[in-house]
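Asks: For reference, the structure I am asking about is given below.
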């Protein structure tokens with residue numbers, strides 16, 4: 001977890017936090033989202049709730 005990390009530089013902190021953010025939002029399923037990742041949930045929700053764009 002990030003709350004136990006000690007970073008030597010700002011760049012190191014940015015790299016570690018970005019890796020954690022990607023893991024959390026793209027690859028890690030969440031029980032509150034029915035076992036989907038936040039990215040999957042967003043894609044599914046927008047396809048079901050956004051009106052189709054007409055050309």
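The values are calculated or read from the model by the stated rules, or taken from the named source; none is laboratory data. All values reported here derive from a predicted model rather than from experimental measurement. When we count neighbours, we look across all protein chains shown, and the Cβ atoms used for this are built from the backbone with ideal geometry, even at glycine.
Asks: Among (1) modelled with pLDDT under 95; (2) in a helix (DSSP H, G or I), there is one condition residue 55 misses while meeting the rest; what is its number?
Replies: The failed condition is (2).
Asks: Please specify each residue of segment 2-31 satisfying the condition of being more than 30 Å from residue 44 (Cα to Cα) and either within 10 Å of the chain's Cα centre (by Cα) or not in a helix (DSSP H, G or I) (or both). Walk me through how you get there before you give the answer.
Replies: Step one: list which residues in segment 2-31 are more than 30 Å from residue 44 (Cα to Cα), which gives 3-13.
Result: 5, 6, 7, 8, 9.
Asks: Turning to a different aspect of this structure: Quickly run through segment 32-52 and pick out the residues that are in a loop (DSSP other than H, G, I, E, B) and on the phi < 0 side of the Ramachandran plot.
Replies: Matches in segment 32-52: 37, 50, 51, 52.
Asks: With (1) at pLDDT below 95; (2) surrounded by 10 or more Cβ atoms within 10 Å (Cβ to Cβ) as the list, and residue 35 as the residue in question, which single condition is left unmet?
Replies: Among (1) at pLDDT below 95; (2) surrounded by 10 or more Cβ atoms within 10 Å (Cβ to Cβ), the lone unmet condition for residue 35 is (1).
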